[in-house]
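Student: Below is one structure. I have some questions about it.
The values are calculated or read from the model by the stated rules, or taken from the named source; none is laboratory data. The structure displayed is predicted, hence computed values, not measured ones. Heads up, the Cβs are rebuilt from the backbone with ideal geometry, glycines too, and the neighbour counts pull from every protein chain shown. The accessibility values were calculated without ligands, DNA or RNA, using every heavy atom of the protein model including side chains. Shrake-Rupley method; radii C 1.70, N 1.55, O 1.52, S 1.80 Å.
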Number of protein chains: 2
Amino acid sequence: MPTVSRRSAATARWHTAAQVLAVMRQHPGISRAAMAQRIGLTRGLATEVTARLRAAHLLTEEPAPLSGRGRPTTVLRPHPEGPVVLAVHLRHEEWHCAVAALDGTLGTVDIHRHDTGSPDGRSPAAVLDAIRRTVEQTYERYGHRLRAVSLAAPAAIHSGHLAQASTLGWGPVDTSVLTAGLGVPLLVGNDATLAGVAEARTGAAVTAGTALHLIVEVGVGGTLTVDGHPVTGGHGAAGEYGHLPFGDRTLACPCGARGCWDLEVDGRALARHLGEPEPGDPRRHALAVLGRTDDSAREAVAAVAASLGAGVAALVNAHDPDIVTLGGLAIPLRRAAAFGVAYRDGLMSLHRADPATIVDAVHGDDGPLQGAVVLGLDHATSEPAIADWADRHRSR
Amino acid sequence: MPTVSRRSAATARWHTAAQVLAVMRQHPGISRAAMAQRIGLTRGLATEVTARLRAAHLLTEEPAPLSGRGRPTTVLRPHPEGPVVLAVHLRHEEWHCAVAALDGTLGTVDIHRHDTGSPDGRSPAAVLDAIRRTVEQTYERYGHRLRAVSLAAPAAIHSGHLAQASTLGWGPVDTSVLTAGLGVPLLVGNDATLAGVAEARTGAAVTAGTALHLIVEVGVGGTLTVDGHPVTGGHGAAGEYGHLPFGDRTLACPCGARGCWDLEVDGRALARHLGEPEPGDPRRHALAVLGRTDDSAREAVAAVAASLGAGVAALVNAHDPDIVTLGGLAIPLRRAAAFGVAYRDGLMSLHRADPATIVDAVHGDDGPLQGAVVLGLDHATSEPAIADWADRHRSR
DNA sequence: CGTCTTATGCTCGGGATCCGAGCATAACTG
DNA sequence: CAGTTATGCTCGGATCCCGAGCATAAGACG
């Protein structure tokens, strides 16, 4: 049901201002003149809006480097006292975090290893405690300037919380402790989903309206994005493409279903094809097999690449993306000839004349962190959030 | 990439007015007071906006039936000289059409059978000619009041045209002839997609944010809708869920791929399970088998229902819809016990605690027509379209 | 070196939307 | 018939947007 939500004048008045900030994010370092032309602002309105944004400590203007004739213009930059977001990327052995300004530029990325010394150093409580301390330090430093904390997690997401993080061995985890009591919103997303968002906004799919991102590490995850926004489903749990039954129905998946694609495209699948036992670290095993040149390894890679290609084709049939971005082990797997064959064979003839292009993702391991930044800034630059910021700022 | 499109003041000024029309569509016969409360308008603004809409011949107000205390309010109705859209639903043996007013109320639904007397009476040229004549008659009657023509077709859609309509035996067909030269936009959608839109807007999924609609006739089609809008993909070809390879990889599908789900859930599948040759009319055959009570028929139905349930579960895993609406043969197939078992077994354990509810679609055969109405009215009540209408109307 | 061209920023008046407050109106209640 | 209640209408003020005109600062050119 399309919600008819009132955008009251109090927030609507920041509509154009929010557009300006969005352009500043899309093109960091853009000049005021170029911004105005891109949005279609008259020069008078550009003057007014930028003045308003400056007064609200949302941006600053500095003289732009001269280029050609005409009166010099200015470059739009985030205000040094402006809003920031804290992005966190939770991984298997460590977690990364960084503070981002309104144009998406990151501060230093801090890397914290989980405390593997203690027996429960990787327990939810221990990890969340550590992250909470960083959140508190960030809040102490930035105060109300901290407008959102966003978390990318290697977990199935359900209604804003972690439902299951199998690589960490976590069951359901409530993440609200991270910002509880601070009055700062917490945004949570699946790491593969957020990597897809990063590709759609600042990566290999920026020109696409509808983009499909798939990443293979242990199993396969990803997301469909439309105009840079992920299709997240009713509880935010969408994108579990690895649990489509493209595979062998006799194989049970840890997720509870059978025949999952997950089991066909990673190191576990390679080991099966090679007649080896299930590897302890499927990702490391996959890299090893990909580096081998013997026939049995090549055949195993070909089989797995074919499964990947066929699955990608199936998702192109179902979703008709403009582009497919691949990450993780999917990048080397795509190099195998079997991938392309299976991709083309799996397409409906309808798509064969002009199949969706497949490209490598440009964000590597930092895709989820970049996506978390996007998530946080989407919130921080929304019209209500800007209106709220401006109100607070004026009253001080 | 999120497009930063300028909503210039000239169209933005109709933002609130468009909201009023949207509420009038969602709740035909709503009172002005209820509308104002729902959108959050002050009484003064409600007066202004409705006056503007009346002046633009977009709606009329009549005294509302009295209920309780207080000053009587008015009921909002489409203006008798207001915009209309023509919706067309193309089917195998016939095509339906109807004119709809701004609140979605239909005029009479005309049913035209294809001319099966002549050898090429069902050719694209003959059918499009017949529809074109109706479009012209509608245009003669309504003139510029006709704001859009929308077509629901049993075809794969690609970039606004029909790529392949296998039930009609059509290859690629250019539909632009339907409105060429009239200056009326033509909107084209897949019939299953539009049936899903109808369910999401006025049917069984009105309360859901993310809804999955699936319909089984010959093969399976459907769509994912988010807030009532279909996820259409880059070329409008999304929703071909029938061509996900959930089935037997040794079976070739007419679509060009192998192992398509399409082949597992309809009359063709029932015939295969019964050891019969492929039926000429799979839909009729399916109904016949569903009506049988012998063991072999029951087993065939169970096998097909299980395939349907497993596929639905897979799509719930991938898309996390709030609700799944089923249409066509999926409704009786769901009654088989095997469906529910396969559905639950196919879900990730994450979803088992609170699986997406599955319901029957409430629009039957007229779902696609209703969806075409939605498509047309979405266009006709968009802010630019209303601004354009108001401009034309003022200048007369 | 002065003038022209070009691109951009700034100012100001007018039109439009939205809001809030106050008043007017038309039903029901007792 | 007076009081209550819900709603419509009017009006002034705040804000945004637009367009036109003017101001400004650079390069281009003789």
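Student: Dipole of chain A, Cα-centred, from +1 at each Lys and Arg C-beta and -1 at each Asp and Glu C-beta, to the nearest 20 debye?
Tutor: Details: 36 positive and 40 negative charges, 332 e Å.
The dipole magnitude comes to about 1600 debye.
Student: Say a label goes 7 Å from Cα toward Cβ at B:T116 in every copy; what distances in nm does this one have to the rest, shortest first?
Tutor: For B:T116, the inter-copy label distances come out at 7.2 nm.
Student: So what is the accessible area of the stretch B:1-145 per residue, in Å², with the probe set to 1.4 Å? Walk me through the intermediate numbers first.
Tutor: On the way: 7540 Å² over 145 residues.
That works out to 52 Å² for each residue.
Student: Suppose you put the label 7 Å out from Cα in the Cβ direction; list, shortest first and in nm with one decimal, how far B:G169 is from each other copy's label.
Tutor: Sorted ascending, the copy-to-copy spacings read 6.5 nm.
Student: Quick one: which residues, 5+ away or cross-chain, put their amide H under 5 Å from the amide H of A:L162? H built at 1.01 Å from N.
Tutor: A:V173, A:T175
Student: Probe of 1.4 angstrom, ligands and nucleic acids ignored: what's the accessible area per residue over the stretch A:204-360, in square angstrom? Write down the numbers at each step before the final one.
Tutor: Values: 5590 Å² over 157 residues.
I get 36 Å² per residue for this part.
Student: Looking at chain B, do any whole DSSP H helices span at least 27 angstrom along their long axis by alpha carbon and average -0.5 or above on Kyte-Doolittle, and which?
Tutor: Both cut-offs are met by B:295-319.
Student: Here's something else I'd like to know. Once Lys and Arg get +1 and Asp and Glu get -1 on their Cβ, which of B:L41, B:P282, B:G234 lies farthest toward the positive end of the dipole of chain B?
Tutor: My answer, from the dipole projection, is B:L41.
Student: Which whole number gives the average, over all residues in B:31-42, of C-beta atoms from other chains lying within 10 Å of the residue C-beta? Numbers along the way, then the final one.
Tutor: Details: counts 0, 0, 0, 0, 1, 0, 0, 2, 4, 5, 2, 1.
Neighbouring Cβ atoms belonging to other protein chains average 1 per residue here.
Student: For chain B, modelled as a GNM with alpha-carbon contacts under 10 angstrom, which of B:R268, B:R54, B:R38 fluctuates the most?
Tutor: Looking only at B:R268, B:R54, B:R38, the biggest GNM fluctuation is shown by B:R38.
Student: Count, for each residue of B:304-312, the Cβ atoms from other chains sitting within 10 Å of its Cβ, then give me the mean as a whole number.
Tutor: Numbers: counts 0, 0, 0, 0, 0, 0, 5, 2, 0.
Counting other chains' Cβ atoms within 10 Å and averaging over B:304-312 gives 1.
Student: Name the long-range amide H neighbours of B:I358: under 5 Å, sequence gap of 5 or more, or other chain; modelled H, no Pro or chain starts.
Tutor: Sorted by chain and number, the residues that satisfy this are B:V324.
Student: Continuing with the same structure: Assume the label is 7 Å from Cα along Cα to beta carbon: what separations in nm does B:R54 have to the matching positions in the other copies?
Tutor: 4.7
Student: With +1 assigned to the C-beta of every Lys and Arg and -1 to the C-beta of every Asp and Glu, and no other charges, what is the dipole magnitude of the protein assembly as shown about the Cα centre in debye, to the nearest 20? Please report the intermediate quantities before stating the final value.
Tutor: Numbers: 72 positive and 80 negative charges, 640 e Å.
Its charge dipole is roughly 3080 debye.
Student: Another question, if that's okay. Keeping the other protein chains in place, figure out the carbon and sulfur percent of the accessible area of chain B, with a 1.4 Å probe.
Tutor: Values: 8580 of 16390 Å².
Reported share for carbon and sulfur atoms: 52 percent.
Student: Next question, about the same structure. Counting only C-alpha contacts under 8 Å and six or more residues apart, can you give the relative contact order of the stretch A:9-78 as a whole percent? Let's see the in-between values first.
Tutor: Numbers: 63 pairs, mean separation 23.9, N = 70.
Once divided by the residue count of the stretch A:9-78, the mean separation gives 34 percent.
Student: Just to be sure I understand the curve: with the Debye formula and one point per C-alpha of chain B, what is log10 I(q)/I(0) at q = 0.13 Å⁻¹?
Tutor: -1.11
Student: Could you work out how far the C-alpha centroid of the stretch A:335-396 sits from that of the stretch B:234-276, in angstrom?
Tutor: For the stretch A:335-396 versus the stretch B:234-276, the Cα centre distance is 31 Å.
Student: Treating the beta-carbon of each Lys and Arg as +1 and of each Asp and Glu as -1, no other charges, what is the dipole magnitude of the stretch B:206-360 about its Cα centre, to the nearest 20 debye? Write out the running numbers ahead of the final one.
Tutor: Details: 12 positive and 18 negative charges, 34 e Å.
Dipole of the stretch B:206-360, to the nearest 20 debye: 160 debye.
Student: Sticking with this structure for a sec: In deg cm²/dmol, rounded to 500, what helix-only [θ] at 222 nm does the protein assembly as shown give when every DSSP H run of at least 4 residues adds -39500 (n - 2.57) and the total is split over its residues? Don't jump to the answer; show the numbers that get you there.
Tutor: On the way: 28 runs with 314 residues, N = 792.
Computed mean residue ellipticity for the protein assembly as shown: -12000 deg cm²/dmol.
Student: Can I ask one more? When you look at the Cβ of every residue in B:342-352, what mean number of other chain Cβ atoms sits within 10 Å? Provide the component values of the computation, followed by the final result.
Tutor: Working: counts 0, 0, 2, 3, 8, 4, 13, 8, 12, 10, 2.
For peptide B:342-352, the averaged partner shielding equals 6.
Student: Chains A and B: buried accessible surface, both sides, probe 1.4 Å, rounded to 100 Å²? Don't skip to the answer; put the middle values down first.
Tutor: On the way: alone 18920 and 18920 Å², together 32790 Å².
Heavy-atom accessible area buried at this interface is about 5100 Å².
Student: So, one more: Where both partners of a DSSP beta bridge lie in the protein assembly as shown, what percent of those bridges are antiparallel, to the nearest 5? Don't jump to the answer; show the numbers that get you there.
Tutor: Details: 68 of 110 bridges.
Beta bridges within the protein assembly as shown, antiparallel portion: roughly 60 percent.
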